[in-house]
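What follows is a set of notes on a single structure, which appears directly below.
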């Protein structure tokens, strides 16, 4: 069966520090991968999606970037965090040809 | 107009009640429709996909009206464990998932 991992589960970082969040999927090949952010009390906002290695589409201009160095690995990064980057970061995947998304457990980021 | 709008809630209902949530979407080119549930401080989990003919999964029934760009979710015989936020999701070929703001449900003993 398929499994999606995210780490760390929680993170507290000062403003201006870098960020790297990792997501990996097991049990499937060539998935579509997605990064979302959910600010406190708000809905999910799609940040990036990827249909293959090295292929990244950005939905929202911001100081975040994403990379997909391997088929089942998706990384979210920032060079300098802002207070507004605080939120719940969720990675999700879909099987090609199916648009049902499955989410990882998320990383709760607090920028101080 | 927001792309996906949902009943603002919260809905507070007694156990055993029937409750219905509504969702409207603005992009007529949308192709796929889903309901997710999200428990407090957890990731969203797929509840059900919504098909054109409507579909049922146990106590849950989802309906789609493409002409009116409207999706609904009906929960019968509510359980305490149904308490969560319900998210309506609209997609266009897996590249444009848009989540609604969610409707919170509290089922009371």
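Could you tell me whether segment A:16-31 includes any residue that is assigned to a strand (DSSP E or B), loosely packed, with under 12 Cβ neighbours inside 10 Å, over 14 Å from the mean Cα position of the chain (by Cα) and on the phi < 0 side of the Ramachandran plot?
Quick first cut of segment A:16-31, residues assigned to a strand (DSSP E or B) only: A:19-26.
Adding the requirement that they be loosely packed, with under 12 Cβ neighbours inside 10 Å leaves A:20, A:26.
With over 14 Å from the mean Cα position of the chain (by Cα) added as a condition, the list becomes A:26.
Subsequent filtering for residues that are on the phi < 0 side of the Ramachandran plot retains A:26.
Within segment A:16-31, one or more residues are assigned to a strand (DSSP E or B), loosely packed, with under 12 Cβ neighbours inside 10 Å, over 14 Å from the mean Cα position of the chain (by Cα) and on the phi < 0 side of the Ramachandran plot.
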Picking from A:105, A:18, A:61, A:8, which residue would you name as being farther than 19 Å from residue B:44 by Cβ and modelled with pLDDT of 95 or more? A:18
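Just a yes or no: is a residue in segment B:14-33 part of a strand (DSSP E or B), over 16 Å from the mean Cα position of the chain (by Cα), more than 11 Å from chain A (Cβ to nearest Cβ) and touching a residue at least 40 places away in the same chain (Cβ under 8 Å)? Write out each step before concluding.
So in segment B:14-33, the residues part of a strand (DSSP E or B) come out as B:14, B:19-25, B:32-33.
Remaining after also requiring over 16 Å from the mean Cα position of the chain (by Cα): B:14.
Then drop every residue that is not more than 11 Å from chain A (Cβ to nearest Cβ), which leaves B:14.
If we keep only those that are touching a residue at least 40 places away in the same chain (Cβ under 8 Å) too, we end up with B:14.
Looking for residues that are part of a strand (DSSP E or B), over 16 Å from the mean Cα position of the chain (by Cα), more than 11 Å from chain A (Cβ to nearest Cβ) and touching a residue at least 40 places away in the same chain (Cβ under 8 Å), one finds at least one in segment B:14-33, hence yes.
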Within segment A:34-74, work out how many residues are within 13 Å of another protein chain (Cβ to nearest Cβ) and part of a loop (DSSP other than H, G, I, E, B). 7
Would you check which residues across segment B:34-51 are assigned to a loop (DSSP other than H, G, I, E, B), more than 24 Å from residue B:109 (Cβ to Cβ) and in contact with a strand residue (DSSP E or B) (Cβ under 6 Å, 6 or more places away or on another chain) and list them? B:43, B:44, B:50
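Could you pull out every one of the strands (runs of 3 or more DSSP E) wholly within segment B:52-109 that has 3 or more residues that are within 14 Å of chain A (Cβ to nearest Cβ), in contact with a strand residue (DSSP E or B) (Cβ under 9 Å, 6 or more places away or on another chain) and modelled with pLDDT of 95 or more?
Qualifying strands (runs of 3 or more DSSP E): B:84-91.
The values are calculated or read from the model by the stated rules, or taken from the named source; none is laboratory data. Note that the structure is predicted; figures quoted are calculated from it, not measured. A quick note on method: Cβ atoms are made from the backbone with ideal geometry, for glycine too, and the neighbour counts reach across all protein chains shown.
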